[in-house]
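Working notes, structure below.
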Amino acid sequence: MITNVSTQLSAVLVRTSGGFTAPTKPENGQDLINPVRQKSATPGELNEDQKAQVDRLKKADQEVRAHEAAHKNAGGQHAGSASFSYTVGPDGKRYATGGEVPIDVAPVEGDPEATIAKLDVVIAAALAPAKPSAQDRKIAAAAVAARNQARQELLGKKQEEQSEKVEQKDDFDVNDFGKFSVLSVNKAYENGIDLSVTDEKPTGLNISITS
């Protein structure tokens, strides 16, 4: 069962294990510094390269948190709390450079309709960030396949229930012609037509039998 994934935002992809993932690079396409603890410096002591690193870390921190918040908010009760991995910048501060949100994708036992509703939420959660990662899309595709299977199960269940209703239906009554026949008979009587009397006009043929 897919539970969660965490991708480290740095120069290399450090860890993946099924679930939601943050993008591997910030929007400007630049790799972040390798997440190795460095000797911290006060803002006034940072050189230009270090200031640029801090700026990239700040941007990544915002993106990662927004990314995971989108998963969490869309996942609702099926999503767990976001957790983050951090990189210490040249300024000595920690910045979120990776994150994960666990989400429950297990089907609802014996209830395909509830499973469909649940997987709809999973799909929405996986694709909630502005820029879903490849792993996010993979999870969404798996949830779509599982949802389609649940739909087939639901269809089979409804067909089975319909068959049972047909089998339980009362036997056909030959004397029951429905309401329209009753209405026709009543109308005939109202119009003065005696259905019990036949026309017995002479035919013009008189036959007698003698012995």
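At-a-glance table
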| read-out | value |
| --- | --- |
| Subset of region 98-142 (residues that are free of Cβ contacts under 8 Å to residues at least 60 places away in the same chain and of a type in the set (Val, Ile, Thr)) | Val108, Thr115, Ile116, Val121, Val122, Ile123 |
| Residue in region 58-73 that is in contact with a strand residue (DSSP E or B) (Cβ under 6 Å, 6 or more places away or on another chain), over 19 Å from Ala130 (Cα atoms) and not polar (S, T, N, Q) present | no |
| Tabulated pairs, region 34-57, first more than 18 Å from Ala96 (Cα to Cα) and modelled with pLDDT under 95, second of a type in the set (A, V, I, L, M, F, W, C) and buried (at least 16 other Cβ atoms within 10 Å of the Cβ), C-beta under 7 angstrom, 6+ apart or interchain | Leu46/Val54 |
| Lone qualifier among Glu109, Glu68 - being modelled with pLDDT of 90 or more, exposed (fewer than 12 other Cβ atoms within 10 Å of the Cβ) and out of contact with any helix residue (DSSP H, G or I) (no Cβ under 8 Å at 6 or more places or on another chain) | Glu109 |
| Per-region count, region 92-106, residues touching a helix residue (DSSP H, G or I) at 6+ places or on another chain (Cβ under 6 Å) and either of a type outside the set (Gly, Ala, Ser) or at pLDDT 95 or above (or both) | 7 |
| Region 114-171, residues that are surrounded by 13 or more Cβ atoms within 10 Å (Cβ to Cβ), assigned to a loop (DSSP other than H, G, I, E, B) and of a type in the set (Gly, Ala, Ser) | Ala128, Ser133 |
| Residues (surrounded by 23 or more Cβ atoms within 10 Å (Cβ to Cβ) and of a type in the set (Asp, Glu)) located in region 96-106 | Glu100 |
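The values are calculated or read from the model by the stated rules, or taken from the named source; none is laboratory data. Keep in mind the model is a prediction, meaning the values are calculated, not measured. Cβ coordinates were reconstructed from backbone atoms using ideal geometry, including for glycine residues, and neighbour counts include every protein chain displayed.
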